[in-house]
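See structure below.
The values are calculated or read from the model by the stated rules, or taken from the named source; none is laboratory data. Everything quoted here is computed from the prediction, not taken from an experiment. Note that each Cβ is placed from the backbone with ideal geometry, even for glycine, and that neighbours are counted across all protein chains shown.
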Amino acid sequence: MKTKTLNISLAVLLCIGIAAPATSFAVDIDQTVANDSLIKKKQSESNKYLTAKESYGLIKANLGEVLFIDVRTVAEVEFVGWTPLVDAVIPYMANDFDEWDEKKKRYQKVINGDFPIVFEELLESKGLNKNSPIIFMCRSGSRSAKAATLATKLGYTQAYTMVDGFEGDKVNEGAHKGHRTLNGWKNSGAPWSYKLDGNKILFNQ
């Protein structure tokens, strides 16, 4: 029943997204990352990509005009860190504690059914619209790509995914092989912290 309700809710939101008009919103954004340069799980139907460094520059230059959403889990944000520059933490996926993934040795992850609703409410509260730039950030660019795809299907025209995410990609060789020190927000010199703002965490487990 929960899955059926979620599917109906998403279908309704998709119909509304297609039908609803939006006022244009001008922010200059130069893309340096091409779709075909990314591995498949980092590609988004929005076809809009930014690196962590590019995202930081865009946010600094357009405060209040760009919506910045961290789509990682609350546990990731709490133990790995975050940037206070995000407008909100809205997990794209959540743990299903009723289902165990034996192959990955962890609980199954499912799409957070509240994500599109909370996301749209946040955008409206900021006075933004469907043509406003939105940047989604996850650990390393996979979930954020999915979030940007969903936003695009809901009618948002500038849904960007941060391709290297908060932690960045893993180094493939050398002393730091396997560590996420190659790129990403945390390694870019952009501000981050372990001290959270509970008012920005929009998720109920």
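Looking only at the range 88-117, count how many residues are closer than 14 Å to Val71 by Cα and touching a strand residue (DSSP E or B) at 6+ places or on another chain (Cβ under 8 Å).
11
Looking at Leu13 and the list (1) more than 20 Å from Ser132 (Cα to Cα); (2) modelled with pLDDT under 95, which single condition is not satisfied?
Of (1) more than 20 Å from Ser132 (Cα to Cα); (2) modelled with pLDDT under 95, only one is false for Leu13: (1).
Let's see how each residue does on (1) over 10 Å from the mean Cα position of the chain (by Cα); (2) in contact (Cβ under 8 Å) with a residue 12 or more places away in the chain; (3) more than 18 Å from Val66 (Cβ to Cβ):
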residue: Lys130; (1), (2), (3): yes, yes, no
residue: Phe136; (1), (2), (3): no, yes, no
residue: Ser142; (1), (2), (3): no, yes, yes
residue: Tyr156; (1), (2), (3): yes, yes, no
residue: Ala159; (1), (2), (3): no, yes, no
residue: Met162; (1), (2), (3): no, yes, no
residue: Gly174; (1), (2), (3): yes, no, yes
residue: Arg180; (1), (2), (3): yes, yes, yes
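Looking only at strands (runs of 3 or more DSSP E) that fall completely inside the range 54-134, which ones have 1 or more residues that are over 19 Å from Thr152 (Cα atoms)?
Strands (runs of 3 or more DSSP E) meeting the threshold: 93-101, 106-111.
Please go through (1) touching a residue at least 60 places away in the same chain (Cβ under 8 Å); (2) closer than 24 Å to Leu58 by Cα for Ile117 and return the number of the only condition it doesn't satisfy.
(2)
Restricting attention to the range 160-205, and to residues there that are outside any loop (DSSP other than H, G, I, E, B) and among the charged types (D, E, K, R), which single residue is modelled with the lowest pLDDT?
Lys177
Being touching a helix residue (DSSP H, G or I) at 6+ places or on another chain (Cβ under 8 Å), of a type in the set (D, E, K, R) and either more than 30 Å from Gly127 (Cβ to Cβ) or modelled with pLDDT of 90 or more (or both) is true for just one of Lys48, Lys60, Lys40. Which residue is that?
Checking each option against the conditions leaves just Lys48.
Which residues, taken from the range 59-98, are in contact with a Leu (Cβ under 7 Å, 6 or more places away or on another chain) and surrounded by 15 or more Cβ atoms within 10 Å (Cβ to Cβ)?
Hits for the range 59-98 are Ile59, Val66, Leu67, Phe68, Val77, Trp82, Asp87, Ala88, Val89, Ile90.
Could you tell me whether the range 139-159 includes any residue that is part of a strand (DSSP E or B), more than 18 Å from Gly113 (Cα to Cα) and not basic (Lys, Arg)?
yes
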